[in-house]
Amino acid sequence: MKKYIISALLIILLFPATAIYAQNFKFAHVSDTHIGSGTAEEDLNRTVGDINSQEDLDFVIVTGDITEMGTDEELALAKKTLENLDIPYYVVPGNHDTGWSESGGVSFIREFGYDKFSFEHNGYKFIGCASGPYVRMSDGHIPRDAIVWLDEVLKATPKDQPIIFVNHYPIDNSLDNWFEITERLKKYNTQFAICGHGHRNKAFDFEGIPGIMGRSSLRAKQETGGYNIIEVTEDTANVYERTLGVETHTAWNSVELGNRNYKMDTDYERPSYKMNDSFPKVQKTWEYHSDANVISTPAVNSGKVIFGNSTGLVEALAEDTGKKIWSFETDGGIFSSPANFKKDVIFGSGDGNIYSLDSESGKINWETKTGASVLGSPIVEDGVIYIGGSDGIFRALKAKSGKEIWKFSGLKGPVVSKPLIYQNKIIFGAWDKHLYALNIKTGELEWKWTNGSANRMFSPAMVIPVAADGAIYIVAPDRYISAINAETGNTLWRSNEAKVRESLGISQDGETLYAKTMNDTLVAYKANGANSEITWKKDLKYGYDHVPSMLIEKLDELYFGGRNGVVFSVNPVNKKLNWKYKIDNSMVNTVNDIGDRKLIAATMDGKIVLLEW
């Protein structure tokens with residue numbers, strides 16, 4: 001026995017750990033297939049056929065943007081096509097699969113069985129993470145639940161085992177939490193990272209970690225599409241572009257392999273919270289970090305802060321301390337902002353149900369099943385709930401029982417925002433290019449409006465409409481603010497003088513509209529249906545910002561959240577900044593002003609905070 005132990009020790013001494021783990025192999029890297037656009041279906045079919053013609057590939061890695069709009073139909077078609085591969089494949093979602101998803105990512109998991117993966121091959125551990133944004137437009141983001149999962153995967157990984165990390169986005173500041181990934185991977189023997197998103201072949205350096213961005217499978221302006229083949233040898237990973245049915249080109253990139261020893265104290269870019277020192281009157285009373293993304297506005301009811309997260313968990317925190325009191329689990333991600341009805345909270349879930357919970361105990365009062373995910377937020381008036389879903393239906397329900405009063409079935413895309421009640425109409429947008437106005441009593445269509453764009457991505461779907469003096473106001477991804485006659489649905493005016501996008505608010509007196517431009521500037525318009533008069537602008541130097549966080553005015557303070565975790569307060573009378581406070585580095589959802597100089601803010605990364613000033 002001693003003889004065998006000595007022999008084993010000699011092997012370990014003579015050969016590095018990576019040599020023991022690693023054996024030569026090849027795999028295909030496919031990315032950005034965008035099923036649902038142009039020639040995408042044909043290009044992916046050809047890609048699958050070409051991969052099947054190669055005799056020495058072990059598996060396929062697919063790095064996101066499988067679909068164009070993340071619809072159930074597109075996902076099913078992508079899955080059906082990839083199932084024709086003769087070798088195993090592993091896939092992660094990209095922003096196109098999640099950002100406009102009609103299911104909040106539920107359908108991706110249903111089709112593929114997962115949205116992140118870990119497997120071992122010839123001694124290497126491959127770790128693939130999901131990427132957002134989910135349902136809301138914002139920066140790229142590794143979901144909070146994926147970070148929690150990654151910690152468990154890495155905990156079970158030997159420090160010397162070679163790792164290949166897989167993601168849709170590059171792990172740089174195109175992700176708002178890139179550092180959460182690089183700091184973890186640098187503690188291990190990470191050999192390189194693979195990504196897509198850029199539709200081109202490019203070598204990266206992610207804080208010392210070699211990066212490989214792969215081309216899209218789409219043909220674009222070429223005669224045919226392509227993909228990459230990555231060959232892992234004992235000391236090198238070579239990357240070859242493959243033109244479908246034509247040739248495998250010479251290696252365009254080579255990554256040296258071996259034992260990694262990353263420096264952890266190098267001065268790389270990190271988010272700064274220094275701005276908070278300039279506003280000492282603002283205090284973060286408490287902070288709670290959920291285990292998954294929060295992409296909605298928390299409700300406050302019976303002294304509790306209540307919200308859902310992207311894994312389907314509803315949590316209730318004590319308003320004064322932030323301590324968790326109860327939780328309730330659904331079977332799909334929650335992107336619906338809860339609405340209060342007396343001591344109940346009402347919301348939709350990605351599992352296809354609309355729920356009512358008792359805010360005191362978290363116990364269910366009732367649930368109403370729909371035909372698909374419910375990502376839209378409800379509004380409650382006179383004991384009636386109004387809410388849209390992803391099954392093409394907008395509903396009115398009794399708040400006490402969940403019983404249906406009426407439904408409108410004419411939608412061609414999901415509803416993901418909160419409606420407006422105005423002049424006996426319920427008004428909302430959908431991802432089908434239209435804004436709708438329904439009779440609030442009967443659910444019959446009064447009118448529908450479009451901005452004229454054929455591009456579904458320019459739909460007025462994300463904004464919460466506002467109204468004054470007979471006009472409805474919206475902003476949309478086409479970067480226009482539009483005024484619409486509330487009675488007829490006719491356009492009163494449209495303006496892109498200021499490049500505003502999806503964030504809108506109205507003053508308490510109904511005389512002023514507020515909107516964010518995509519670069520630095522807060523804009524105020526006169527709420528006058530006759531023209532698009534800009535009354536003032538304020539450069540707040542917040543940088544590039546495109547997140548749909550609505551602007552809220554109360555008691556001469558205007559609040560809104562930004563792209564990089566900053567909450568702003570502006571005096572709309574003197575147009576001066578009251579304060580700004582950074583709570584995170586991810587998108588801030590629409591805040592909830594709860595009075596007495598307090599507000600609740602939630603971020604994409606699942607942080608819930610109470611700010612006081």
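The values are calculated or read from the model by the stated rules, or taken from the named source; none is laboratory data. Here the structure is a predicted model, which is why all the values come from computation and not from measurement. Note that we place each Cβ from the backbone using ideal geometry, even for glycine, and neighbour counts take in every protein chain shown. These accessible areas exclude ligands, DNA and RNA; they are computed on the full protein's heavy atoms, side chains included. Shrake-Rupley method; radii C 1.70, N 1.55, O 1.52, S 1.80 Å.
Just a few scattered comments:
- Complete set of residues in the range 581-603 that are farther than 21 Å from Glu502 by Cα, open to solvent by 10 Å² or more (accessible area, probe 1.4 Å) and part of a strand (DSSP E or B): Tyr581, Lys582, Lys598
- Conditions (1) more than 26 Å from Ser296 (Cβ to Cβ); (2) touching a Gly at 6+ places or on another chain (Cβ under 7 Å); (3) open to solvent by less than 30 Å² (accessible area, probe 1.4 Å); (4) not aromatic (Phe, Trp, Tyr); number of the one not met by Leu551: (1)
- Elements of type helices (runs of 4 or more DSSP H) in the range 1-62, at least 3 residues being at pLDDT 95 or above: 40-53
- Met69 meets the conditions (1) touching a Gly at 6+ places or on another chain (Cβ under 7 Å); (2) in a loop (DSSP other than H, G, I, E, B); (3) closer than 30 Å to Asp235 by Cα in every case but one. The failed one is (3).
- Ser377, sole failed condition from (1) buried (at least 23 other Cβ atoms within 10 Å of the Cβ); (2) not in a loop (DSSP other than H, G, I, E, B): (2)
- Cross-chain or 6+ apart pairs with Cβ under 7 Å, the range 451-466 first and under 21 Å from Gly388 (Cα atoms) and open to solvent by 30 Å² or more (accessible area, probe 1.4 Å), then aliphatic (A, V, I, L, M) and part of a loop (DSSP other than H, G, I, E, B): Arg456/Met69; Phe458/Ala476; Ile464/Met550
- The set of residues in the range 467-490 that are open to solvent by less than 20 Å² (accessible area, probe 1.4 Å) and either touching a Pro at 6+ places or on another chain (Cβ under 6 Å) or part of a loop (DSSP other than H, G, I, E, B) (or both) comprises Ile472, Ile474, Ala476, Pro477, Ala486, Gly489.
- Leading residue by the ranking (farthest from Lys554 (Cα to Cα)) among those in the range 578-613 that are free of Cβ contacts under 8 Å to residues at least 60 places away in the same chain and not basic (Lys, Arg): Asp584
Table: residues versus (1) in contact with a His (Cβ under 9 Å, 6 or more places away or on another chain); (2) crowded, with 19+ Cβ neighbours inside 10 Å; (3) in contact (Cβ under 8 Å) with a residue 60 or more places away in the chain.
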{"position": "Asn189", "(1), (2), (3)": "no, yes, yes"}
{"position": "His197", "(1), (2), (3)": "yes, yes, yes"}
{"position": "Lys202", "(1), (2), (3)": "no, no, no"}
{"position": "Ile212", "(1), (2), (3)": "yes, yes, yes"}
{"position": "Leu218", "(1), (2), (3)": "yes, yes, yes"}
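- Taking the criterion of being over 16 Å from Gly128 (Cα atoms) and under 25 Å from the mean Cα position of the chain (by Cα), the residues of the range 184-200 that qualify are Gly198, His199, Arg200.
- If you go through the range 427-444 and keep only what is in a loop (DSSP other than H, G, I, E, B) and more than 21 Å from Gly350 (Cβ to Cβ), you end up with Lys433, His434, Ile440, Lys441, Thr442, Gly443, Glu444.
- Filtering the range 499-509 for residues that are within 17 Å of Trp431 (Cβ to Cβ) and buried (at least 23 other Cβ atoms within 10 Å of the Cβ) leaves a non-empty set.
- Cβ pairs under 6 Å, 6+ apart, first in the range 50-61 and open to solvent by 40 Å² or more (accessible area, probe 1.4 Å), second outside any helix (DSSP H, G or I): Asn52/Asp86; Asp56/Lys26; Asp58/Phe25; Asp58/Phe27
- Within the range 384-426, strands (runs of 3 or more DSSP E) holding 1 or more residues that are closer than 25 Å to Val547 by Cα and open to solvent by 20 Å² or more (accessible area, probe 1.4 Å): 420-422
For every residue, the table says whether it meets (1) within 21 Å of Gly561 (Cα to Cα); (2) among the basic types (Lys, Arg); (3) within 32 Å of the chain's Cα centre (by Cα); (4) open to solvent by 20 Å² or more (accessible area, probe 1.4 Å).
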site	(1), (2), (3), (4)
Leu492	no, no, no, yes
Glu497	no, no, yes, yes
Lys526	no, yes, no, yes
Ala530	no, no, no, yes
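- Leading residue by the ranking (surrounded by the most Cβ atoms within 10 Å (Cβ to Cβ)) among those in the range 72-108 that are β-branched (Val, Ile, Thr) and either at pLDDT below 95 or touching a strand residue (DSSP E or B) at 6+ places or on another chain (Cβ under 7 Å) (or both): Thr98
- Condition check for Trp447: open to solvent by 10 Å² or more (accessible area, probe 1.4 Å), in contact (Cβ under 8 Å) with a residue 24 or more places away in the chain, over 28 Å from Gly348 (Cα atoms) and not in a loop (DSSP other than H, G, I, E, B): no
- Complete set of residues in the range 162-182 that are of a type in the set (D, E, K, R) and without any contact (Cβ under 8 Å) to a residue 60 or more places away in the chain: Asp172, Glu180
- Selection from the range 178-214 of residues that are in contact with a Ser or Thr (Cβ under 7 Å, 6 or more places away or on another chain) and within 16 Å of Ile229 (Cβ to Cβ): Ile194, Gly196, Gly214
- Odd one out for Val570, checked against (1) surrounded by fewer than 23 Cβ atoms within 10 Å (Cβ to Cβ); (2) more than 24 Å from Ala461 (Cα to Cα): (1)
- Of all residues in the range 109-136 being aliphatic (A, V, I, L, M) and free of Cβ contacts under 8 Å to residues at least 40 places away in the same chain, the one that is surrounded by the most Cβ atoms within 10 Å (Cβ to Cβ): Ala130
- Residue satisfying all of: in the range 258-304; under 21 Å from Leu611 (Cβ atoms) and among the basic types (Lys, Arg); least open to solvent (accessible area, probe 1.4 Å) among these: Lys304
Matching residues to (1) part of a strand (DSSP E or B); (2) modelled with pLDDT of 95 or more:
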| position | (1), (2) |
| --- | --- |
| Glu120 | yes, yes |
| Ser131 | no, no |
| Tyr169 | no, yes |
| Thr182 | no, yes |
| Phe204 | yes, yes |
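- Residue that is least open to solvent (accessible area, probe 1.4 Å), among those in the range 305-334 that are of a type in the set (Asp, Glu) and farther than 15 Å from His289 by Cα: Asp320
- Extreme residue, surrounded by the most Cβ atoms within 10 Å (Cβ to Cβ), among residues of the range 510-519 that are more than 26 Å from the chain's Cα centre (by Cα) and over 15 Å from Ile472 (Cβ atoms): Thr512
- Qualifying residues in the range 223-249 (those that are in a loop (DSSP other than H, G, I, E, B) and touching a residue at least 12 places away in the same chain (Cβ under 8 Å)) - the one most open to solvent (accessible area, probe 1.4 Å): Glu234
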